[in-house]
Every structure is written in C-alpha cells, then in structure tokens.
Amino acid sequence: MGAAILAMATLLVTPAWAQETPAVDRTATGGAQTLEDILRRQERLELNDSFRSENLGDVSNAAPITAPLGVEGGVSDSDVWRAIRYNKIEPTTQVRGPAAGVLIQDGGILWYKLREGPVITYGGSAILGIIALLAVFYFVRGRIKIDGGPAGTTIQRFKAIERFGHWLLAGSFIALGLTGLITLMGRSFLIPVLGPEVFATLAAGSKWLHNNIAWAFMLGLIMTFVMWVAHNIPNKLDWQWLKAGGGILGKGHPSAKKFNAGQKIVFWTVMIMGFSVSLSGLSLLFPFQLPMFADTFAVINSILGTSLPTRLAPHEEMQLANIWHSVVAFIMMVAIIAHIYIGSVGMEGAFDAMGNGQVDVEWARQHHDLWVAEVESKQGKGGSS
C-alpha cells in the first residue's frame, strides 16, 4: 500500500518524465547549462546533460603549476563534483558517519515537493473533510439516544487499568497530532500569522514534545493491544452488525459482544497504523540507524513482481520515512476524529465507558447485549466482570 501511495504521489508531481528532450542552444553560455536546463531539472523533466557529464576536465589543458588550479591538472572543483554526480570517480572522505559517504543526493527535491504539495494538501483536506462530514451527519441524524431512556443502574464497562491505557494512547496521540501539524504545516500557515521568530520557538518546542511524547504513545499502544486483542478478533457477528449499519445508519441495535464491528475496525486501524507510524518515527528519531524501505521494497518486488528500488541512499531512506510517517498519521487522525465523535457528542452514554468505567445498563443492552449477558452470567455464578 505504501508503494502504491508513493507511486501515485510521484506521478502527480512528475507527469512529464516521458517527454522527449528538446534541443537547447547553449552557445550563449559557452556550453554551460542554461536557465531552461535548470528549470527542466527542477520539474524533473528529461534532460540531456551530456554537455556536463562529458565535460569533466582535460589534463592536456592543464595550466602551469604556478597558475591557479595548476596542481589540479586542468580539473576544477566543479569538474570534480560533476565527476562525483555521474559516478566517474570513486571519492573518499575523512568524515565518518552513516551518511557521510554520500556527497550528492538530489532526491530531496522530490521529497520537498511531495511534503509541501500532496501530503499537506490531501492530508489537510481529509481532516477538514471528516470534520465537515461529521457536522452534517450530526445535524441530519442527531445524537443517538438510549431507546426508552437510561435505566438508572450501571454496569462496569472498563477497569481502571483499561481506562489508563486508553487515555495514555489517546492523549499522547492528540499531542503528537497537534505538534506534528505545527511542524509540517507551520511554515505555510503559521509564519504569516505569528512571524518567523515566534514560530521558530513554537516549532522547536513542538519538535521536542513530539519526540518525547512518542514514547508514551508506543507504551499506550502496547498496553491496549495486550488488553483488548482477544476481544477484537473478527467473527460472524461483525458482518451482521455491518449490514445493519451498526444501529447508526438504520433502526434497531444489532447484537455485539464487548466490542462491535465498528470498534474492531478502529482497534485494528490504530494497532496496524500505530505500529507502522511508530517504526517510521523511530527511524526519524535515530537518523540513518533504522533503514527499512529498501528491504520492504525487496519483499514487495518478490511478491508482486514490481521493480521498486532496493538500493537507497541513507538520505532517501530518511525522506521516505518522513513521507510515510506523515501519510499514516493523517489516516489515523481521520479515523480517530470519527471515533472521538461517536464516543462523545455522537452517542448518548458512550463517554461514560471511558469516563468512569460505568455505563448505563440499558445503553449496554442496546449496544453490547451479548457482552451484558456474559457479564451477568458470570456474576450469577459468583465470578467477576
């Protein structure tokens, strides 16, 4: 899925790769690149750059040793860098580090365009879209009430440890979402309002919070998975629940155990996406230490027969991790906003489940009747819920 998303996004910003290279008159520049060359390269259009790749210096034109660049044998710094770009020489460096051996890596242009273009545009539109959709749904459908009103007696829905794990996960995710949006979109939307100095302080604080709150998110993810995975295994009841619209779109309340099909969808979305966003986040927290995409692409190629690149520069790994981190985070934000709506203003009595752990018995019977019957059966036999 990640490969498909990246491929589609790439096509959006590189629609003209297949165009034929036009002839360019470089006589006015003495054979050097022209403004048209630069613009075509920025747009990632096809460019015949043999005028650069084949012009790497000629020792027969070496200047006298007493003249500037004489000891270079006619090769200037620009000649050396061109030779590096076109893999004509094997340079060495005294600098040590996981990415120090990469002297030129121009994939940042595509990364920047994806980040500032489709990622922000589509991601921001998805958030605004789900908020608008839920607002319309609320005014059309209204709040889902307890049929016949509450019973006045309660049953324990979640224990304290379950509520702690939920709020640890939820609270950290909200903080990560807000700080992430500031980091991603701040340059475009906040600098014009706050000014560069104020935004610089805000961005630095957001980055620090984002990096450190991430650990709480991962802990909450593990806790909720361990506590609830057994209750979220799909079964045949889920299909019946979905066909009935969960009692939200239609009338009646389909039977469900502790978690219905809608809650299971949210659970697995959070678990799978949360695991993925955590991996890419760790890759960003520890630059160049956790490359993942080259190996992932190799697996995808072996399964689907595709030809995704399996040799990536360390910088390319980081750029892909950054894009993937943002895309997955936006998907999670859309899902969580819908979850927050149902768990608060969208359904009467739903918030109590995570508020104090006790829910009205009539609410529980309408939305989780099989679970209520199971709890009452255990209590009747002297067990606990």
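A short reminder: the numbers here are calculations on the coordinates, not readings from a lab. None of these values were measured; they are calculated from a predicted model. Note that we place each Cβ from the backbone using ideal geometry, even for glycine, and neighbour counts take in every protein chain shown.
Cα centroids of the range 225-292 and the range 81-137: 30 Å apart. For the range 282-385, trypsin sites (Lys or Arg not before Pro) meeting the loop criterion (DSSP other than H, G, I, E, B) and having at most 15 other Cβ atoms within 10 Å: Arg311, Lys381.
Each Lys or Arg adds one and each Asp or Glu subtracts one; over the other residues with Cβ under 14 Å from the Cβ of Gly107, this totals +3. The length gained by stretching the chain between Ser125 and Ser255 to full extension, at 0.36 nm per residue less their Cα-Cα distance, is 43.3 nm. With a cut-off of 15 Å between beta carbons, the residues surrounding Trp239 carry a summed charge of +3, where Lys and Arg count +1 and Asp and Glu -1. In this structure, the amide hydrogen of Met347, modeled 1.01 Å from its nitrogen in the peptide plane, lies closer than 5 angstrom to those of Ile144, counting only residues at least 5 positions away or on a different chain.
Between Phe164 and Glu197, the simple label model (points 7 Å from Cα in the Cβ direction) yields a spacing of 4.5 nm. Loop-resident chymotrypsin sites (Phe, Trp or Tyr not before Pro) (DSSP state other than H, G, I, E or B) in the range 104-167 with no more than 13 further Cβ atoms inside 10 Å of their Cβ are absent. For Tyr86, no residue has an amide H sitting under 5 Å from its own, ignoring neighbours fewer than 5 places away on the same chain, with H placed 1.01 Å from N. Multiplying the residue separation of Met185 and Asp369 by 0.36 nm and subtracting their alpha-carbon distance yields 61.8 nm. Given the range 296-380, what whole percent of its Cα pairs are spread farther than 22 Å? I get 58 percent for the Cα pairs in the range 296-380 exceeding 22 Å. The residues neighbouring Asn322, those whose beta-carbon lies less than 14 Å from its own, together hold a net charge of 0 under the Lys/Arg +1, Asp/Glu -1 convention.
Hand me the trypsin sites (Lys or Arg not before Pro) from the range 108-214 located in a DSSP loop with no more than 14 other Cβ atoms within 10 Å, in residue order please. Walk me through the numbers on the way to the answer.
Working: sites: Lys113, Arg115, Arg141, Arg143, Lys145, Arg157, Lys159, Arg163, Arg187, Lys207; in loops: Arg143, Lys145, Arg157, Lys159.
Sparse-neighbourhood loop trypsin sites (Lys or Arg not before Pro): Arg143, Lys145, Lys159.
FRET efficiency for the pair Phe286 and Asp147, taken as 1/(1 + (r/R0)^6) with r the Cβ-Cβ distance and R0 = 51 Å, rounds to 0.45. Structure shown: which of Lys145/Lys243; Lys145/Lys378; Lys159/Lys207 lie over 23 Å apart, alpha-carbon to alpha-carbon? Among Lys145/Lys243; Lys145/Lys378; Lys159/Lys207, the Cα-Cα distance tops 23 Å for Lys145/Lys378; Lys159/Lys207. The modelled label-to-label distance between Ile222 and Leu237, using points 7 Å beyond Cα along the C-beta direction, is 3.1 nm.
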